[in-house]
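Chemist: Submitted below is the structure of interest, expressed as structure tokens.
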């Protein structure tokens, strides 16, 4: 059962209540989140350049479903439920591969990369079988920022994917003021210089809440607050008087690196007000986008259970930077190390918080200070999404 989120401050104080502890520990709540949030919204699942040629595919988990993402010969990137339409066996039984067709290993039902059924034992003796109807069940796909985004909304049940422009791009407008501002970074043309996967023993919402506020920054992020001193004041907002302003580097800081030393080649098209600035965007439900003048860091979260979340973090640089790294001519370890430490520090805090979510002392939840108002907005959004499902 979900206890209603309260919007009113605690009487006699400036503190606002949080969600209850049960929201972070209940398997029933997690199941509802999977159904009403992750299986109905756009999820960023993988880099498009990780499947560069026709026939290459990867499997990903979204909500409670396993999905095949494949580059086709005729239709670009497509996505399907990893379920054979004959008896339901998984068509792809490993994490990635390259094939001319997709074939189930149980009864050899075979599908074109574009999804239709093309072969099966004795199929020619069953001319009434509609090969489109019995093709792989497709999933909505968009490409943006060089990543593949999918949405599992079920057209057979009358569901349509939410507007990508209003939901995903709308989050960008909130933080950048205009989608064109993020276009200055040319993210779709960048290459991945480093990728790290973190297995975090914490609920996905704790990770989002941590990312949305900087009240903790002075306590656990010494390297980050050295590079961006204003974070030590506990304010994470990138807006001042309604204007987007980003977070400025310290006066003596030369780059977005673990020791403030020079970074790598900056992006050629960033605007003057994006130089020596860091911006951060949360794209609900599972993406963080961080931009600096010479790198973009993108987190993707994949909730596994009410108390476990896989986070994949990519560090993106100009192609020529990555080429020099691959050739052993350039070292980006100081650029990567800054946010790697931030990740480790944040995830440890989340893991130390998760056990308390089941404590009787946190049964009614905790408190938010005024600078954490973004979390309160996230809680309101979460409550509307989850309770809308429970009312069905």
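What follows is calculated from the coordinates using simple rules that are stated; it is not laboratory data. None of these values were measured; they are calculated from a predicted model. Backbone-built Cβ (ideal geometry, glycine too); neighbour counts: all protein chains shown.
Chemist: Please work out the C-alpha center-to-center distance from segment 170-194 to segment 78-98 and express it in whole Å.
Modeler: Cα centroid of segment 170-194 versus Cα centroid of segment 78-98: 32 Å apart.
Chemist: Can you sort 381, 42 from fewest to most other Cβ atoms within 10 Å of each residue's own Cβ?
Modeler: The most exposed by this proxy come first: 381, 42.
Chemist: How do 309, 282 rank when sorted from fewest to most other Cβ atoms within 10 Å of their own Cβ?
Modeler: With the fewest neighbours first, 309, 282 line up as 282, 309.
Chemist: Provide the gained length on full extension for the span residue 157 to residue 388, in nm with one decimal, where the gain is 0.36 nm per separating residue minus the Cα-Cα distance.
Modeler: Computed gain between residue 157 and residue 388 is 81.5 nm.
Chemist: Give the shape of segment 264-333 as rounded, prolate or oblate, defined through the alpha-carbon gyration tensor: a ≥ b ≥ c are the square roots of its eigenvalues, a/c under 1.5 means rounded, and otherwise the shape is prolate if a/b is larger than b/c and oblate if not.
Modeler: Details: a/c = 3.63, a/b = 1.50, b/c = 2.42.
Because a/c hits 1.5 or more and a/b fails to exceed b/c, segment 264-333 counts as oblate.
Chemist: Separate question: Size of segment 43-161 along its principal axes in angstrom, Cα-based, largest extent first?
Modeler: Cα spread of segment 43-161 along its principal axes, largest to smallest: 46, 33, 25 Å.
Chemist: Add -39500 (n - 2.57) for each DSSP H run of 4 or more in the chain, then divide by its residues: what number comes out at 222 nm, to the nearest 500 deg cm²/dmol? Please list the in-between numbers first.
Modeler: Numbers: 9 runs with 91 residues, N = 392.
About -7000 deg cm²/dmol.
Chemist: Suppose we take every Cα in the chain and form the convex hull; what volume per residue is that in Å³?
Modeler: It is 156 Å³ per residue.
Chemist: Another one. By how many degrees, 0 to 90 and rounded to 10, does the Cα axis of helix 164-176 deviate from the longest principal axis of the chain?
Modeler: Long axis of 164-176 versus the principal axis of the chain: about 20 degrees.
Chemist: Specify the angular offset, from 0 to 90 degrees and rounded to the nearest 10, of the alpha carbon long axis of helix 333-353 from the longest principal axis of the alpha carbons in the chain.
Modeler: 90
Chemist: Using the eigenvalues of the Cα gyration tensor, what equivalent ellipsoid semi-axes result for segment 169-381 when each is taken as the square root of five times the eigenvalue, whole Å, largest first? Write down the numbers at each step before the final one.
Modeler: On the way: eigenvalues 162, 78, 55 Å².
Taking √(5λ) for each eigenvalue gives 28, 20, 17 Å, largest first.
Chemist: Give, in nm to one decimal, the length gained when the segment between residue 230 and residue 28 is fully stretched (0.36 nm per residue of separation minus the Cα-Cα distance).
Modeler: 68.7 nm
Chemist: If one takes the longest principal axis of the Cα atoms in the chain, at what angle in degrees, from 0 to 90 and to the nearest 10, does the Cα axis of helix 373-390 lie?
Modeler: Computed tilt is about 30 degrees.
Chemist: Same structure, new question: Grab the Cα-Cα distance for residue 164 and residue 351, subtract it from 0.36 nm times how many residues apart they are, and report the gain in nm with one decimal. Each step should come with its number before you reach the end.
Modeler: On the way: separation 187, 0.36 × 187 = 67.32 nm, distance 3.21 nm.
Answer, rounded to one decimal: 64.1 nm.
Chemist: For a Förster distance of 25 Å, can you work out the FRET efficiency between the beta-carbons of residue 327 and residue 259, rounded to the nearest 0.05?
Modeler: 0.55
Chemist: Measuring from label point to label point, each 7 Å out along Cα→Cβ, what is the residue 337 to residue 72 span in nm?
Modeler: 4.7
Chemist: While we're here: Expressed as cubic angstrom per residue, what is the convex hull volume of the alpha carbon set of segment 110-259?
Modeler: Each residue corresponds to 209 Å³ of Cα convex hull volume.
Chemist: At R0 = 35 Å, how high is the FRET efficiency between residue 174 and residue 114 if r is their beta carbon distance? Nearest 0.05 is fine.
Modeler: On the way: r = 37 Å, r/R0 = 1.05.
For R0 = 35 Å, the calculated efficiency reads 0.45.
Chemist: Using Cα pairs under 8 angstrom and six or more residues apart, how large is the relative contact order of segment 43-161, in percent?
Modeler: On the way: 229 pairs, mean separation 29.3, N = 119.
Here the relative contact order equals 25 percent.
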